[in-house]
1. Please work out which one of (1) over 24 Å from B:Arg239 (Cβ atoms); (2) within 16 Å of ligand 1 (Cβ to nearest atom); (3) surrounded by 16 or more Cβ atoms within 10 Å (Cβ to Cβ) is the condition B:Arg223 fails and give its number.
2. Hey, does region A:120-132 have a residue that's out of contact with any Cys (no Cβ under 9 Å at 6 or more places or on another chain), over 27 Å from A:Ser250 (Cβ atoms), among the hydroxyl-bearing types (Ser, Thr, Tyr) and surrounded by 12 or more Cβ atoms within 10 Å (Cβ to Cβ)?
3. From the list A:Val115, A:Val142, which residue is among the β-branched types (Val, Ile, Thr) and either more than 25 Å from A:Val217 (Cα to Cα) or in contact with a Cys (Cβ under 9 Å, 6 or more places away or on another chain) (or both)?
4. Of all residues being among the polar types (S, T, N, Q) and within 13 Å of ligand 2 (Cβ to nearest atom) in region B:52-84, which is surrounded by the fewest Cβ atoms within 10 Å (Cβ to Cβ)? Just the residue, please.
5. Got at least one residue in region A:222-230 being loosely packed, with under 13 Cβ neighbours inside 10 Å and without any contact (Cβ under 8 Å) to a residue 12 or more places away in the chain?
6. All but one of (1) within 16 Å of ligand 1 (Cβ to nearest atom); (2) in a loop (DSSP other than H, G, I, E, B) hold for B:Leu100; which doesn't?
7. Report, by residue number, each residue of region B:18-60 that is outside any strand (DSSP E or B), away from chain A (no Cβ under 14 Å) and either more than 11 Å from ligand 1 (Cβ to nearest atom) or of a type in the set (Gly, Ala, Ser) (or both).
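The values are calculated or read from the model by the stated rules, or taken from the named source; none is laboratory data. Predicted model, so just to flag it, every value in this text is computed and none were measured. Cβ placement follows ideal geometry from the backbone for every residue including glycine, while neighbour counts extend to all protein chains displayed. For the accessible areas, the whole protein counts, side chains as well, though only heavy atoms, and no ligand, DNA or RNA atoms are used. Shrake-Rupley method; radii C 1.70, N 1.55, O 1.52, S 1.80 Å.
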Amino acid sequence: MSDFTSTTDTRFDSRLFRIVPHLILFALILVIWEAAVRLGFITSIIIPRPTAIMGAIAELYFVKGTIYHHFFITLTEAVVGFLIGASVAVSLAVCSALSDPFKRYVSPYAIVLNVTPGIALTPIIIAWFGYGMGSKIALAAVLCFFPIFVNTLTGLLQRDEDREELFRSVGASNAQIFRKLRVPAALPLLFAGMKIGLTTALIGAVVAEFSQATEGVGVLMSRFSFQLDMASSLATLLSMTLIGLILFYSMEFLDDRIVFWRRETRRAAASRAKARAWNARMGQ
Amino acid sequence: MNASVQAQANGAAGKSVINAKGLSKTFGGGAVVALNDANFEIRPGSFVSLVGPSGCGKSTLLRLIAGLIDRTNGELAVHGRDVTGPRTDVGMMFQKATLLEWRTAVENVLLPTEMAGTVTKADRKNAADLLRMVGLKDFLFAFPSQLSGGMQQRVALARLLQTGADVLLLDEPFGALDEFTRERLNVELMRIVGEVKATTLFVTHNIAEAIFLADQVFVMTPRPGQIASIVDVPFERPRPLSIQTSPEFNTLVAQVRDILGEDH
Ligand SMILES: Nc1ncnc2c1ncn2[C@@H]1O[C@H](COP(=O)(O)OP(=O)(O)OP(=O)(O)O)[C@@H](O)[C@H]1O
Ligand SMILES: [Mg+2]
């Protein structure tokens, strides 16, 4: 037990140690930036001072709290769009993996959708779905479809002859081989696709907001930019970064737990959980 | 079907578990003769080694018996029943452990049971017992990536035994392991198949290993793949490793080497 804590401590120490140069560099950049604006090398209308951005952050996030409403609107659009796009993508990928003709008929559309710049669909989608959240959700769904579809399909199409022979030798049906072998084997790639898809869904939501909308961080940001309030605009941009981070790490969290067998630490935890469940079941 | 009636008659006589008559397999529409005209009977509980150079049809013969591929010609019956596909009384183990990395050792062992229906408490207990039997009692909940190559093969062996099959087909099961581990596992395998009273077919490239383990050695030669000769091994099983230095043992090695020609 003491062994465990000591390894964690050293790991924590070294991580802290590695972070220090990064912090110093970041602080240095801020200081030079601040100085450059104050000394008049850069016009503050084009690039505001870091301290001005901090002021805008304080205003938006803490004094007025304007950001939260828009923040949750955009977050919702991205998540709902992602859920719709991902469901369609995974369903089509599963059907394509199960049926060769289906794959042949679907692939051309998927490829055309991929090579067409998805963002260019924005005006059409807004015409179809209106100025509200619907069009943002739709664009998010369209943009996240392809990476999830391709990754899931690639994962499901990986075939391991040796393992399939093993399954057949114990009398497994094709359905069993699919559920117990091909699906779990595809999960790492599926999650890789989901992570990309979540990011592109956010892009979709924000781009649609830039185009036509009444609420959301995209709207807020373009409003500030029109008013040449660059500090607030950049402070709003940070909220998008924050949404991106929340989405990415939520998926990372799920990935870690569902595809637990790739990471040593998660495997150990899963091992212990399985042992507990087993002992409970066997009545020991 | 004449063949299966014939085979059933053979099985009813009760002296052989596996019967093959004129058994042949070709690939590519006859271009490759993987196995040509194999004839043999295997007695219940006996251990048969298949030895021969690469491409002589060892894996093909095992796959045929496992029902994983269809024969081109001849008759083949296990327990007097014509072989038409994979069966629960025949189990197979491969050179690669082919464990599922998202399952613990014991969950991997339970795979055959799961494929056959629901897993009961008795099945679970059996799986745990089998892992103990192959020397992995402390590794029930380990994932494959936490196990060494030898331990992974032990899990695969336990999984094979979990099928409950009494015909065990092992295709170079320890071929990818180092000499020491292989020798140890061979000795354990001999003990285990003796305990579960299984009929065993064991493929290897190694003549000494083939003789050490078996009651009978099928010596196979390539182009076309065939059983060139069946050599009886007179020693009692289980045997000590030291038997390999005895003159009788070395006479048998020389005899098999002779049949194989200059390849070995
Ligand atoms: N699915 C297949 N399609 C075409 N040819 C095959 C197939 N499987 C086996 N063969 C051919 O049949 C012959 C016998 O193959 P087999 O795998 O039984 O040999 P083996 O004795 O197991 O060899 P090794 O010791 O290398 O495993 C070889 O010439 C091989 O190329
Ligand atoms: Mg082979």
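1. (3)
2. Filtering region A:120-132 for residues out of contact with any Cys (no Cβ under 9 Å at 6 or more places or on another chain) gives A:120-132.
Adding the requirement that they be over 27 Å from A:Ser250 (Cβ atoms) leaves A:120, A:123-124, A:126-128, A:130-131.
Next cut, among the hydroxyl-bearing types (Ser, Thr, Tyr) only: A:131.
Pick out the ones that are also surrounded by 12 or more Cβ atoms within 10 Å (Cβ to Cβ) and you get A:131.
Within region A:120-132, one or more residues are out of contact with any Cys (no Cβ under 9 Å at 6 or more places or on another chain), over 27 Å from A:Ser250 (Cβ atoms), among the hydroxyl-bearing types (Ser, Thr, Tyr) and surrounded by 12 or more Cβ atoms within 10 Å (Cβ to Cβ).
3. Working: A:Val142 fails: either more than 25 Å from A:Val217 (Cα to Cα) or in contact with a Cys (Cβ under 9 Å, 6 or more places away or on another chain) (or both).
Residue meeting the stated conditions: A:Val115.
4. So the first thing to find is which residues in region B:52-84 are among the polar types (S, T, N, Q), and the list is B:54, B:59-60, B:72-73, B:84.
Checking which are within 13 Å of ligand 2 (Cβ to nearest atom) leaves us with B:54, B:59-60.
On the way: B:Ser54: 9, B:Ser59: 22, B:Thr60: 25.
Filtering first and then ranking leaves B:Ser54.
5. Quick first cut of region A:222-230, residues loosely packed, with under 13 Cβ neighbours inside 10 Å only: A:226-228.
Imposing the further condition that a residue be without any contact (Cβ under 8 Å) to a residue 12 or more places away in the chain reduces the set to A:226-227.
The answer is yes, given that some residue of region A:222-230 is loosely packed, with under 13 Cβ neighbours inside 10 Å and without any contact (Cβ under 8 Å) to a residue 12 or more places away in the chain.
6. That leaves (1) as the condition not met.
7. Start the filter on region B:18-60 by keeping residues that are outside any strand (DSSP E or B), which leaves B:28-31, B:43-46, B:52-60.
From what's left, away from chain A (no Cβ under 14 Å): B:28-31, B:43-46, B:52-58.
Those that are outside any strand (DSSP E or B), away from chain A (no Cβ under 14 Å) and either more than 11 Å from ligand 1 (Cβ to nearest atom) or of a type in the set (Gly, Ala, Ser) (or both): B:Gly28, B:Gly29, B:Gly30, B:Ala31, B:Arg43, B:Pro44, B:Gly45, B:Ser46, B:Gly52, B:Ser54, B:Gly55, B:Gly57.
Yes/no per residue for (1) within 12 Å of chain A (Cβ to nearest Cβ); (2) buried (at least 19 other Cβ atoms within 10 Å of the Cβ); (3) in contact with a Pro (Cβ under 9 Å, 6 or more places away or on another chain):
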| site | (1), (2), (3) |
| --- | --- |
| B:Asp123 | yes, yes, no |
| B:Arg132 | no, no, no |
| B:Pro144 | yes, yes, no |
| B:Gln152 | no, yes, yes |
